Amino acid sequence: MHYKEKAKRSKARGIAGVVVLLLLAVMLAACGKVAKEEQGAASTPSAVTNANGQQEEAAKGSNVAPAKPQTQTVEHGFGKSEVPLHPQRIAVIGHEDILLSLGAPIVYAFGFKGYYLENELKQAGAELSGSADVSFNLEAILASQPDLIVLQQYFTDEKGYEELSKIAPTIAYKPDDWKTNIKTIGKVLGLEEKAASVIADYEDKLQKAKETIIKAVGSDATVAYIRPSNKDLQVFFPSFAPLIYDELGLKADASIAELQKGSQDDWGVNTSLEKLPSITADYVFAIYGGSIDSAEDFQKYTEEASEVEKLNVWKSIPAVGKNHVFKVSARHWMSSGPTANGKVIDDVVAALTGK
């Protein structure tokens, strides 16, 4: 072969080799960039874990919606608890009135024969404690398999609360103000609108009752709220029973203010039966027993009342002579809640209107 032709072919091969090397270099650079990007992506968190161990998408521009937490932290009388957002099996101990009014899913409740909510709780399908004893039947509560326990705070102490918390998340509230409680518990259960509706219905009932009472007895009628027994007399003060002394349009009897002067308690006073003649109220509401007495105990207190009514000091009460003393059930008069208070309103209206 001619040397010029050989030189030409050699030159062509050299150029081809350079092209191949350039192509390889470009490919290697591209691969390195991809690998670096993949490594960077792997080292960048694409999700975060919330308190429930659920994964929430955190990558920028992701179309995946964040997973909603299934629990919430709730502050209550014994501290803070992590509770389900939408409990389906609730055990209630002492706040039955509120839970029933909210239409909450109750599986276990404090209740017994003669309890003012006995029938309503049974209709709701709740297993009842069966006793007026406030001591917990932990086995029965556990057997109901609650996912939340709602507790009346005065029913137990810190130790009792801890025992209940071993069964299910437990929240506790004092029974002092049912309207505040129903708002709080309603929010926990996701039933805020229902809570607001219950309160609105109650306020409407109260206003209509007040108008009816004032129309029937006037705006200056006086009242006294007492609990007599064969041993002594309890007289309740307006701070303890604002519904009776203020919200229904009645006024506290002058004797109430006199008794308050000698008492250091704001709920009322324990005094002797000899104080009965000093009660000059136009209307007297007398309760017997307590809100969580058994049927047997309630009957016993009722019989005691009959003995008190034979005494001259009782007969000397002006309202007795006018047949304006009304015996009412402590079971709802000494309880608190939209149902209990509603029943009290019904009792007062019926008594003062004769209906």
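The values are calculated or read from the model by the stated rules, or taken from the named source; none is laboratory data. Since the model is a prediction, treat every value here as computed from it, not as a measurement. Using ideal geometry, Cβ is built from the backbone for each residue, glycine included, and neighbour counts are taken over all protein chains shown. Ligands, DNA and RNA are stripped out before the accessible areas are found, and what is left, the full protein with its side chains, is counted by its heavy atoms. Shrake-Rupley method; radii C 1.70, N 1.55, O 1.52, S 1.80 Å.
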Charge tally in the Cβ shell below 11 Å around A126, where Lys, Arg are +1 and Asp, Glu are -1, A126 excluded: -2
With every atom except the alpha carbons ignored, what do you get for Rg and Dmax of segment 101-147, in angstroms? 10.4, 28
In whole Å, how far is the Cα centre of segment 156-203 from that of segment 314-328? 39
Placing +1 on the Cβ of each Lys and Arg and -1 on the Cβ of each Asp and Glu in segment 227-316, which of S294, A254, P242 has its Cα farthest towards the positive end of the resulting dipole? A254
Order the following by accessible area, largest value first: V235, V349. Probe radius 1.4 Å; ligands, DNA and RNA are ignored. V349, V235
Heavy atoms only, probe 1.4 angstrom, no DNA, RNA or ligands counted: give me E296, E118 ranked by accessible area, highest first. E296, E118
Other residues with Cβ under 13 Å from the Cβ of P277 give, with Lys and Arg +1 and Asp and Glu -1, a net charge of -1
Give the shape of segment 125-238 as rounded, prolate or oblate, defined through the alpha-carbon gyration tensor: a ≥ b ≥ c are the square roots of its eigenvalues, a/c under 1.5 means rounded, and otherwise the shape is prolate if a/b is larger than b/c and oblate if not. oblate
Accessible solvent surface per residue of segment 238-355, calculated while the other protein chains remain in place, 1.4 angstrom probe, Å²: 48
Considering only protein heavy atoms and a 1.4 Å probe, what is the carbon-and-sulfur percentage of the accessible area of segment 291-355? 47
Taking every other residue with Cβ under 12 Å from the Cβ of V349 and scoring Lys and Arg +1, Asp and Glu -1, one gets +3
